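Read the structure below first, then the notes.
The values are calculated or read from the model by the stated rules, or taken from the named source; none is laboratory data. All of these numbers come straight from a predicted model, not from anything done at the bench. Neighbour counts are summed over all protein chains in view; Cβ atoms, including those assigned to glycine, are modelled from backbone coordinates with ideal geometry. For the accessible areas, the whole protein counts, side chains as well, though only heavy atoms, and no ligand, DNA or RNA atoms are used. Shrake-Rupley method; radii C 1.70, N 1.55, O 1.52, S 1.80 Å.
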Amino acid sequence: MRLIWQFVAVAAVWILGGLGTAAVKDNPWLALVAGLLTAVAAVLVYGWVVRRTEHRSPVEVSLKGAGAGIGWGTLLGIALFGAVIANIAFFGDYTINGLGTPTSAVGLLGIMAGAAVTEELVFRGVLFRNVERWTGTWIALVLTGSLFGLIHLLNANATLGGAIAIAIEAGGMLTAAYIATRKLWVPIGLHFGWNIAASAIFSTKVSGSNTPQGLLDATMSGPTLVTGGDFGPEGSVYAVVFGVVATVVFMLLAHRRGHTVPVRRSARADVAAGLAK
């Protein structure tokens, strides 16, 4: 029941916030405000429901270290997606034509902030944390990462290949970032940075969704393996490669810090309890 109550509470903010942001998406300043309000509300609701259902302080969203975690995560997300675009551009499949629409980029900041926070709270904060208690770290990573990829099949221009790519690159990378830090701030920042690079900076599709033009007026064409096709660069082989590399690095760090929960039932309860403190 704990998982259900937590999921319902946070998913409600996710859905209502998404609807509210979508209603004002044509006004970039209102979209910015709506997205930021959704993000703040989601964190507050998550903290409240965790306190009520687990009778503990939600240390994974503690304000201590939040700024640094979000900041470094955002920079890393932008750098990783920038590396994807750089590789696509190397083959001449991404071309910058000039300046795009800066005001649209403002609205995209809010939209992506709301999406990054709510999705991380749902998938890493609620689903992964609870499933990990039952299965251990590795099985929970695969299960929730796969679900994260599958839910992107609901997006416009979604493809099975794109959903699989998301499951591997983002489902793995973002979950591993949480495991390594046991805080939600780095994965939130990483998710946000990746998304704003894709939309607000490089003006590409985000997981198959049609987004307004961002800072750059750019065109992309070429083999689906390289560009991701209608799904966008997240379906590119480069995105998968960089996502896997980041996942491996985060999991090595998690192992060194003793942050992985074993599969064996006799061992995982005490470890999971200790990591929640």
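Tabulated values for the structure
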quantity: Where Cα atoms sit under 26 Å apart: lysine pairs in the chain separated by 8 or more or lying on different chains; calculated: 4
quantity: Whole-number D in µm²/s for region 125-189 (Stokes-Einstein; Kirkwood sum over Cα pairs; 25 °C, 0.890 mPa s); calculated: 205
quantity: Spin-label pair Val245/Leu30, simplified geometry with 7 Å Cα→Cβ offset, distance in nm; calculated: 4.3
quantity: Summed residue charge, Cβ within 14 Å of Ala165's Cβ, Lys/Arg positive, Asp/Glu negative; calculated: -2
quantity: Gain in span if fully extended, Arg256 to Ala79, counting 0.36 nm per residue against the direct Cα distance; calculated: 61.3 nm
quantity: Gaussian network model of the chain, springs between alpha carbon atoms under 10 Å - residue of Ala197, Ala86, Ala158 with greatest fluctuation; calculated: Ala86
quantity: Computed over region 17-72, Kirkwood Rh from alpha-carbon pairs, angstrom; calculated: 12.9
quantity: Per-residue SASA entry for Leu99, accessible area with 1.4 Å probe, Å² rounded to 10; calculated: 130
quantity: Cα-based Rg / Dmax (Å) for region 145-229; calculated: 13.5, 39
quantity: Hydrodynamic radius of the chain per Kirkwood, over alpha carbon pairs, in Å; calculated: 18.8
quantity: Pair Thr219, Trp48: separation of 7 Å Cα→Cβ label points (nm); calculated: 5.0
quantity: Rg ratio (alpha-carbon, reference 2.2 N^0.38 Å) - region 1-100; calculated: 1.46
quantity: Among Leu252, Leu215, Leu147, residue whose mean-square fluctuation peaks in a GNM of the chain (springs only between Cα atoms under 10 Å); calculated: Leu252
quantity: Cα-based helix-to-principal-axis angle, 2-23 vs the chain, degrees rounded to 10; calculated: 20
quantity: In degrees, nearest ten, helix 66-90 long axis to first principal axis of the chain (Cα); calculated: 40
quantity: For region 179-266, the fraction of alpha-carbon pairs in successive 5 Å shells from zero, as %; calculated: 3, 13, 17, 20, 15, 11, 9, 7, 4, 1, 0, 0
quantity: Given charges at beta-carbon only (K, R positive; D, E negative), |dipole| of region 1-86 in Debye; calculated: 280
quantity: Whole-percent pair-distance distribution, where bins are 10 Å wide, for the alpha carbons of region 80-231; calculated: 12, 39, 34, 13, 2, 0
